[in-house]
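Everything on this sheet refers to the single structure shown next.
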Amino acid sequence: MFSRPVTFLRGAVKLDDLPPTDLPEVAFAGRSNVGKSSLINALARQKQLARASGEPGRTRELNFFDLDGKIRLVDLPGYGFAKAPKKEAERWTRLTQNFLKGRPNLKRVYLLIDSRHGFKANDDAVMKEFDVAAVSYQIVLTKTDKLKPAEIEKCLAGVAAKISRRPAAFPDIIATSSAKGDGIAELRGAIAVLTPEFGS
């Protein structure tokens, strides 16, 4: 699947901007600066597809990427930090919430957690929203190249315990490093399983 071209489709700042629900979608959520853009670029084998910024909180819209007309990847605004007026932050938070609750073609949300820091309070709040809305989500650890193997195993065990009673959480956890490529093939495979009609 990911040998096919991936292109930027559009950025949505309101519900009317969303593309039609004619294709399956997977979304990527996480705290600001967790590495969403880098992960999407690694998945697509493109360095500049999703714009990574040195300033946390720069993604302030829902960015849609088209994979060969077969599936869309959605980069959700980061949460937890943003140099933006409160009203603007509230606007894109509401947009994200409405998207998650009302998108019938959304197959899964990948919730990115920085492996160096683990879960934070705002991650817990987001998971609660997913559970209430019955939105299927899966944890993806990022930046594992910064940790030793034993530290990664400890982080994996902690995350597994954290999500064990979460009703909407998919139990498999994927540990990734966009810098070294670790776990990227596994994540591509997980996405392909959600859309078997399009092949892997």
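Set the Cα radius of gyration of the range 139-183 against 2.2 N^0.38 Å, with N its number of residues, and you get 1.18. In this structure the chain gives 49 Å² per residue of accessible area when probed at 1.4 Å with all protein chains present. Relative to the current alpha-carbon distance between A150 and Q46, full extension at 0.36 nm per residue lengthens the span by 34.4 nm.
Debye-formula intensities of the range 91-200, expressed as log10 I(q)/I(0) at q = 0.15 Å⁻¹, are -0.70 (one equal scatterer per alpha-carbon, no solvent). Here the relative contact order of the chain, from alpha carbon pairs under 8 Å that lie six or more residues apart, stands at 23 percent.
Can you tell me how the range 1-54 classifies by the Cα gyration tensor, rounded, prolate or oblate, using a/c under 1.5 as the rounded cut? Note, shape of the range 1-54 comes out oblate. Applied to the range 6-11, the Karplus parametrisation 6.51 cos²θ - 1.76 cosθ + 1.60 on θ = phi - 60° returns per-residue 3J(HN,Hα) values of 10, 10, 5, 9, 5, x Hz, with x for Gly and Pro. Once the Cβ-Cβ distance of D131 and E186 is raised to the sixth power relative to R0 = 25 Å, the FRET efficiency obtained is 0.55. Estimated at 0.36 nm per residue, the fully extended path between S164 and T21 surpasses their Cα-Cα distance by 48.4 nm. The antiparallel fraction among DSSP beta bridges confined to the chain stands at about 35%. Fully extending the segment from T93 to D172 would add 25.7 nm, taking 0.36 nm per residue of separation and subtracting the current Cα-Cα distance. Near Y110, the amide H atoms lying under 5 Å from its own belong to A27, F28, A29, Q138; only residues 5 or more places off or on other chains count, and H is placed 1.01 Å from N. For the chain, the fraction of C-alpha pairs farther apart than 22 angstrom is 44 percent.
The values are calculated or read from the model by the stated rules, or taken from the named source; none is laboratory data. Keep in mind the model is a prediction, meaning the values are calculated, not measured. A quick note on method: Cβ atoms are made from the backbone with ideal geometry, for glycine too, and the neighbour counts reach across all protein chains shown. Side chains are part of the model used for accessible areas, which takes the heavy atoms of the whole protein and leaves out ligands, DNA and RNA. Shrake-Rupley method; radii C 1.70, N 1.55, O 1.52, S 1.80 Å.
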